[in-house]
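The structure appears below as structure tokens.
The values are calculated or read from the model by the stated rules, or taken from the named source; none is laboratory data. Just so we're clear, the structure is a prediction, and the values are computed from it rather than from any experiment. Here the Cβ is made from the backbone with ideal geometry for all residues, glycine too, and neighbour counts use every protein chain on show.
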Amino acid sequence: MSARTRALGRNETLFREINDYIADMSRALPPEDQFEVLCECDSLGCAQTIALTAREYVAIRRNDGRFIVVRSHEEAGLDRVVSEAGSYLVVERATGA
Ligand SMILES: [Zn+2]
């Protein structure tokens, strides 16, 4: 269980780094312009993207423990849904697992 939890954490962190890179590239955009980020769920095969505005992304990223996933891609029992928008959820995972 703990090894699986660590693997999940790595995957989400990697995707978040990719998304932060995308966000950096998008920094020149007006805050209301939409761009796409990768779903940060635990499924290695998941390559779905989520469209959100730069303003939304920055607001979510203010909290280190939060991840953006496609609706229904949250990990039951691990992720706590913090907020939901049209097509995505913002989830919070207990850290230190
Ligand atoms: Zn996903």
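Do the conditions hold for Ile60, that is, is it in contact (Cβ under 8 Å) with a residue 24 or more places away in the chain, within 17 Å of Glu12 (Cβ to Cβ) and either in a helix (DSSP H, G or I) or small (Gly, Ala, Ser) (or both)? Working first, answer last.
Values: in contact (Cβ under 8 Å) with a residue 24 or more places away in the chain: yes; within 17 Å of Glu12 (Cβ to Cβ): yes; either in a helix (DSSP H, G or I) or small (Gly, Ala, Ser) (or both): yes.
It is true that Ile60 is in contact (Cβ under 8 Å) with a residue 24 or more places away in the chain, within 17 Å of Glu12 (Cβ to Cβ) and either in a helix (DSSP H, G or I) or small (Gly, Ala, Ser) (or both).
I want to confirm something. Restricting to the range 35-88 and keeping residues that are of a type in the set (Phe, Trp, Tyr) and within 12 Å of the chain's Cα centre (by Cα), which single residue is surrounded by the most Cβ atoms within 10 Å (Cβ to Cβ)? Outline the logic, then answer.
As a first pass, look at the range 35-88 and keep what is of a type in the set (Phe, Trp, Tyr): 35, 57, 67, 88.
Now narrow it down to the ones that are within 12 Å of the chain's Cα centre (by Cα): 57, 67, 88.
Numbers: Tyr57: 20, Phe67: 26, Tyr88: 23.
Once the filter is applied, the top-ranked residue is Phe67.
For the list (1) in contact (Cβ under 8 Å) with a residue 12 or more places away in the chain; (2) more than 10 Å from the ligand (Cβ to nearest atom); (3) over 14 Å from Asn19 (Cα atoms), I need the number of the one condition that Val81 fails.
Every condition holds for Val81 apart from (1).
Kindly indicate which of Arg10, Arg16 is surrounded by 13 or more Cβ atoms within 10 Å (Cβ to Cβ) and either touching a Ser or Thr at 6+ places or on another chain (Cβ under 9 Å) or at pLDDT below 90 (or both). First the steps, then the outcome.
Values: Arg10 fails: surrounded by 13 or more Cβ atoms within 10 Å (Cβ to Cβ).
Going through Arg10, Arg16 in turn, the sole match is Arg16.
I'm trying to understand the selection: among the residues of the range 10-57, which are hydrophobic (A, V, I, L, M, F, W, C), part of a helix (DSSP H, G or I) and in contact with a strand residue (DSSP E or B) (Cβ under 9 Å, 6 or more places away or on another chain)? Walk me through it before giving the result.
Filtering the range 10-57 for residues hydrophobic (A, V, I, L, M, F, W, C) gives 14-15, 18, 22-23, 25, 28-29, 35, 37-39, 41, 44, 46-47, 50-52, 54.
With the extra rule that they be part of a helix (DSSP H, G or I), the set shrinks to 14-15, 18, 22-23, 25, 28, 54.
Within the range 10-57, Phe15, Ile18, Ile22, Ala23, Met25, Ala54 meet the criteria.
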